[in-house]
Each structure stands twice: as C-alpha cells, then as structure tokens.
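Here's the structure we're looking at; comments come further down.
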Amino acid sequence: MNKNHPVYLSLIARLESLMDQYRQHPCERNRYRLVRQEQLIAQWVAASDLPSPIATPMGATGPT
C-alpha cells in the first residue's frame, strides 16, 4: 500500500476532519461518520494490498 496514494490521502484528510467535528460536537451522528470513515479506510487499504485481478487469473486459488 502506497501511503502517498491520492485516494489514501483523501480518505485520511476526511478522517481528520471528522475527528475534529467529533471533538467539537460529540454526538452519535458524528461518531457514526467517524467510525464509518475508519471502516472505509480499512476496506480500501485491505483491497489495495491484494494482488491486482490482472495478475491473478480468474478462478486461480494458488498452489495446491
């Protein structure tokens, strides 16, 4: 995972903004947005660490 990737940087910037909002106004709605953004980042990072679909043929499960 490239930490300089524009999508990653955008997701982190949004997370920081949501953290500030939650600090200023701690309510369930802001907490939900913050948690959801953290989940989105975790999903994106996990997905970006997977081999690209082009590199792995469809249906390939690896060595047996």
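Tabulated results
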read-out	value
In region 16-58, residue modelled with the highest pLDDT [restricted to those that are among the hydroxyl-bearing types (S, T, Y) and either in a loop (DSSP other than H, G, I, E, B) or touching a Phe, Trp or Tyr at 6+ places or on another chain (Cβ under 7 Å) (or both)]	S52
Where a residue in region 12-30 is in contact (Cβ under 8 Å) with a residue 24 or more places away in the chain and its partner, wherever it lies, is of a type outside the set (F, W, Y) and in a helix (DSSP H, G or I), with Cβ under 6 Å and at least six apart	L15/Q37
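The values are calculated or read from the model by the stated rules, or taken from the named source; none is laboratory data. All figures in this text were calculated on a predicted structure; none of them were measured in a lab. Counting neighbours? That spans all protein chains shown, and the Cβs are built from the backbone with ideal geometry, glycine included.
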